[in-house]
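Here the structure is laid out as structure tokens; the discussion comes afterwards.
The numbers here are math on the coordinates, done by the rules we state, and not lab data. The model shown is predicted, which means the values in this text are computed figures rather than measured ones. Quick reminder, even Gly has a Cβ in these numbers, built from the backbone with ideal geometry, and neighbours come from all protein chains shown.
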Amino acid sequence: MDKPIKMPLLLNRNARKSGEDRLVSSKARAKRRAQQAFWHGIGFGFAALWIIPILWVARTAFMPKEAGISSTWSWAWTFDNLVRVWHAAPFGQFLWNTVIVCGGVLAVQLVTLTLAAYAFARVRFAGRDLVFLLFLLQIMIPPDILIFSNYQVLSEFGLLNTKVGIMLPYFASAFGVFLLRQAFKQLPYELEEAALVEGASRLRILSRIYVPLSRPIYVSFAIVSVSFHWNDFLWPLIVTNSVDNRLLTVGLAMFAKSTESGAQWTDVSAATLIVSAPLMIGFLLFQRKVIGSFMHSGIKG
């Protein structure tokens, strides 16, 4: 006689408990969605702070001169600013010089960083850890501190006002060596042992095993290197003094300070857009590879 009475009570208790669980889970989901909305709002806020100046420069670059200095909103736009600025200064030469410097520095860096990172990761020699520690001290030294000594060295070698002189101090990078060394140490040593058994040399092992498996690290470093040297200003300004070797950043500064464009916001914005557009276009075209390379280049201990 008790079973027919207890079963409804048990069912009611289970139903009440499941209802409470659903209520708790719905509250947890609501809390989680609120937290996501909060952090997304913060992210969009920082993104707006970053993109608003770019949008303002792009808008001003395509505005007529009269609208650029006016306080009222105008929908008028024109390409004349870009054409006039391109012919007012040798931006084509500046662009070519920048491409040569960025590409040359990156090409040499990939070779030097690969060899140094492999030596620190896999080659055993006396004082390896101490040498690597001293090598990492370069990360703590700002490049601007070495400008005077680098300038003296280039002057003695006769490399002032040359593209090689701009590139030479950056042919090695302590950050890149550290990044690649950590990547090489994460790879299984059994792969190298198997290749050595097959008679492969160290250079062949490096080119066939370590480099292909560390491709995301190379892409990440290439992005950082090209971005840094594309936007570098102080060192190219000091080393170069002719149009044939000036970079885009130096050319933009010279153009902005010239008497013809001193108060012309449309011309200065057009020149700024010319300098920054290649990097932005490259990021938009290869954003998936860029983001994926950084996601797969995490450093482990």
Looking at Val177, Thr266, Gly103, which one has the Cα that reaches farthest to the positive end of the dipole of the chain (charges on Cβ: Lys, Arg +1; Asp, Glu -1)? Val177
Rounded FRET efficiency, nearest 0.05, which uses the C-beta distance separating Lys257 from Glu193 and R0 of 51 Å: 0.25
Relative to the present Cα-Cα distance, how much length would full extension add between Leu213 and Ile100 at 0.36 nm per residue of separation? 37.9 nm
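Computed FRET efficiency, Cβ-Cβ of Asp80 and Ile51, R0 30 Å: what is it to the nearest 0.05? Walk me through the numbers before you get to the answer.
Values: r = 25 Å, r/R0 = 0.85.
Computed FRET efficiency for Asp80 and Ile51 comes out at 0.75.
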Thinking of region 33-135 as a set of Cα atoms, what percent of all their pairs are more than 15 Å apart? 80
Asserting the computed 222 nm helical MRE of the chain (DSSP H runs at least 4 long, -39500 (n - 2.57) per run, divided by residue count, to nearest 500) equals -24000 deg cm²/dmol
For the chain, set up a Gaussian network in which alpha carbons nearer than 10 Å are linked by springs, and say which option among Asp244, Asp267, Asp144 fluctuates the most. Asp144
Charge dipole of region 34-151 built from unit charges on the beta carbon (Lys, Arg +1; Asp, Glu -1), centred at mean Cα; most positive-end Cα among Pro64, Ile141, Trp50 is Ile141
Shape descriptors of region 201-266 over alpha-carbon atoms, Rg and Dmax in angstrom, are 19.6, 62
Among Leu248, Leu115, Leu203, the residue with the largest mean-square fluctuation in a Gaussian network model of the chain built from Cα contacts under 10 Å is Leu203
With only Lys, Arg, Asp and Glu charged, each at its Cβ (+1 for the first two, -1 for the last two), find how big the charge dipole of region 90-296 is about the Cα centre; round to the nearest 20 debye. 540
For the chain, compute the orientation-averaged projected area of the C-alpha convex hull (one quarter of its surface), in nm². 30.1
Express in nm, to one decimal, how much length is gained between Ile42 and Glu66 on full extension, taking 0.36 nm for each residue of separation and deducting their alpha carbon distance. 5.0 nm
GNM, the chain, Cα, under 10 Å: largest mean-square fluctuation among Ala28, Ala270, Ala88? Ala28
Dipole axis of the chain (+1 Lys, Arg; -1 Asp, Glu on Cβ), positive-most option in Ile205, Ala30, Leu115: Ala30
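Kyte-Doolittle cut-off -0.5, length cut-off 30 Å along the helix's own axis using Cα: show which whole DSSP H helices in the chain pass. Mind showing how you got there, number by number?
Values: long enough: 2-61 (86 Å, -0.18); 91-122 (45 Å, 1.37).
Passing helices, by number: 2-61, 91-122.
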For Phe175 and Phe135, compute 0.36 nm times the residue count separating them, minus their Cα-Cα distance, and round to one decimal in nm. 13.4 nm
